[in-house]
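Only one structure is covered here, and it is reproduced in the block below.
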Amino acid sequence: MACSNGLKRTFKSDIFGISIVSFCLCMSMPLVAWFGKTTPVPRAAVSSQTIPAVSAATVPLAADGACVTSTTKTIQPWRPVQEHVRDTVVQIFSQIAEFDWLQPYRTPMQGAARGSGFLISDQGDIITNAHVVDQAVAVWIQIPSLGKQLIDATIISICPERDLALLRIDAEPLAAIKQLLGRISFLTLGDSDKVYRADEVLALGYPLGQESLKSTTGVVSGRESQMIQTSAAINPGNSGGPLLNTDGEVVGINSAGILEAQNIGYAIPVNNLKVVLHDLYKEPLLRKPFIGVLSQNVTACTARFLGNPGDGGCYVLDVVKNSPLDKAGVKAGDMIYEINGNRLDIYGEMSVPWSEDKISILDFISRLSIGQEVSLVIYRAGERKDVTVKYGQSDVLPVRRIFPGYEKIDYEVFAGMVIMQLSLNHVKIMAEQVAGLAKYQEPKNQEDPALIITHIFPSSQLNRARTVTPGVIIKEINGERVQTLEQVRAAWRKSVGTGYLTMKVIDTVTRASDNVLIVLPFEKVLQEELLLARNYHYPLSAVAKELLQVKETEQ
């Protein structure tokens, strides 16, 4: 979520119980950024070069016995890389318009965010984190060789679940840059499968909004939750910058850190980018597909009890409706033993050639390409079944995260309230105050659409009824079961004949009842609609205008 002021905006995830935050800088400041040029540097070129050591017996002495000071210089191992990458790493400045999920008719909150990125082609293509350009309405970059000149760029695609975004420098400034600098240089994507613990790495970016490129060195500490963990410092503003190996190749995209810790930063493995890079050029919003299964670890005893082999496998708790595995016939109670020939242990982990440690099913799935076939070996009550599914975009769940600017957002303002289709955006914002919404974080509760009241206007008939508060889920309107806004609009029209507007809601706030009844006098609801719209500056909806017109006609 964007913010208008302050040092950072954070995007939290939970890794081994510790709060991880993705770093970009958010502030109300002038907008600026970077791009640059580089070719891979041979490993030999970046190794430490020194004159061979000499023993104490051969140390040269002056005539008076004093030691002669050596003028031999040690060449720093990262200097050749630094010289090549200067104009390939850009600072990105985003103008943010943050959508209001509770009062969607309001003007978006304005703000600015700063992050980093890097060029991957001479056509001006730039990779960064999705959260750097989240809800951005304009993006600029700044090239160090061109001083403070602002350069327009366009967002080509975002993949929020992978925290990746593809930008491109606009055609006119790109041509001007080529004329001024001679060419557009870029970084080469390396192979993150060949990154091992204790390998030296270099993190580049613009921490704390500083407008000159900064470098930090460290080692690869290991892997955690599909990320490369490094001891190189990654601070707010570094998001989207490259993590380089000693050949000057990109092996990761700097993404997150732990505020309370030292020498712990996280980068997205570059091979995770390679998996989706082709699709980023085709889809403005790229969702991460899911195979649609919830699983748990089992013991050998549990497997044998089910009549299955006891030397591995994970137990299928639920299968999401209309997901690839659901369509392939996988059922709750099955056990998965192999994925693409990789055998699962009883903890749901597998050994793969590209990881020093065992990885989870989720780690493996994140490496699959869209359209790739996935073969599974499952057991059901002792019977082996071989299943093949295609890993691709499945039907999106009705209750999901929505991305403003890329998806249509519908809402209705009428009768003193704002009604929206429930999304995970609402759950994230309201869950602390509305405990009953937490259940919608589980995929099995996201399969059916739901309607949420996000705001109730003071002085409205609904507010004076003192029956419900924002966050409740609507079940019925005027005796009709409703799950979509189209159903709501149709049900409201029945109030014309009855003189009442009735609702039944699920009390997600106190969780006292799933059948809270509200009855409002429809004539008074219509009488106050124009006043509420004027006082709270929202436009009358089409259905509100229609119902008001019916009232005028009757009079």
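The values are calculated or read from the model by the stated rules, or taken from the named source; none is laboratory data. These numbers come from a predicted model, not from an experiment. Heads up, the Cβs are rebuilt from the backbone with ideal geometry, glycines too, and the neighbour counts pull from every protein chain shown.
Of all the listed residues (S157, S121), the sole one being assigned to a strand (DSSP E or B) and either at positive phi or not basic (K, R) (or both) is S157. For segment 367-399, which positions are within 20 Å of L317 (Cβ to Cβ) and assigned to a loop (DSSP other than H, G, I, E, B)? Within segment 367-399, A381, G382, S394, L397, V399 meet the criteria.
Each row is one residue, and each column tells you yes or no for (1) under 23 Å from D279 (Cβ atoms); (2) over 24 Å from the mean Cα position of the chain (by Cα); (3) surrounded by fewer than 21 Cβ atoms within 10 Å (Cβ to Cβ); (4) at pLDDT below 95.
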{"site": "I158", "(1), (2), (3), (4)": "yes, no, no, no"}
{"site": "E161", "(1), (2), (3), (4)": "yes, no, yes, yes"}
{"site": "I184", "(1), (2), (3), (4)": "no, yes, no, yes"}
{"site": "Y196", "(1), (2), (3), (4)": "no, yes, yes, yes"}
{"site": "G205", "(1), (2), (3), (4)": "no, no, no, yes"}
{"site": "L208", "(1), (2), (3), (4)": "no, no, yes, yes"}
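If only residues of segment 240-260 that are more than 23 Å from Q76 (Cα to Cα) and either at pLDDT below 95 or aliphatic (A, V, I, L, M) (or both) are counted, the one that is surrounded by the fewest Cβ atoms within 10 Å (Cβ to Cβ) is E260. A328 satisfies every condition listed in (1) more than 26 Å from L273 (Cα to Cα); (2) free of Cβ contacts under 8 Å to residues at least 24 places away in the same chain except (2). Being of a type in the set (K, R), surrounded by fewer than 21 Cβ atoms within 10 Å (Cβ to Cβ) and out of contact with any Gly (no Cβ under 6 Å at 6 or more places or on another chain): is that true of R511 here? It is false that R511 is of a type in the set (K, R), surrounded by fewer than 21 Cβ atoms within 10 Å (Cβ to Cβ) and out of contact with any Gly (no Cβ under 6 Å at 6 or more places or on another chain). Filtering segment 311-351 to residues that are under 26 Å from the mean Cα position of the chain (by Cα) and assigned to a loop (DSSP other than H, G, I, E, B) leaves V320, K321, N322, S323, G348.
Here is a yes/no grid of residues against (1) touching a strand residue (DSSP E or B) at 6+ places or on another chain (Cβ under 6 Å); (2) surrounded by fewer than 15 Cβ atoms within 10 Å (Cβ to Cβ):
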site	(1), (2)
G313	yes, no
V320	no, no
L325	yes, no
G333	no, yes
M350	yes, no
S360	yes, no
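Among the residues making up segment 239-279, those that are small (G, A, S), in a loop (DSSP other than H, G, I, E, B) and under 18 Å from the mean Cα position of the chain (by Cα) are S239, G240, G241.
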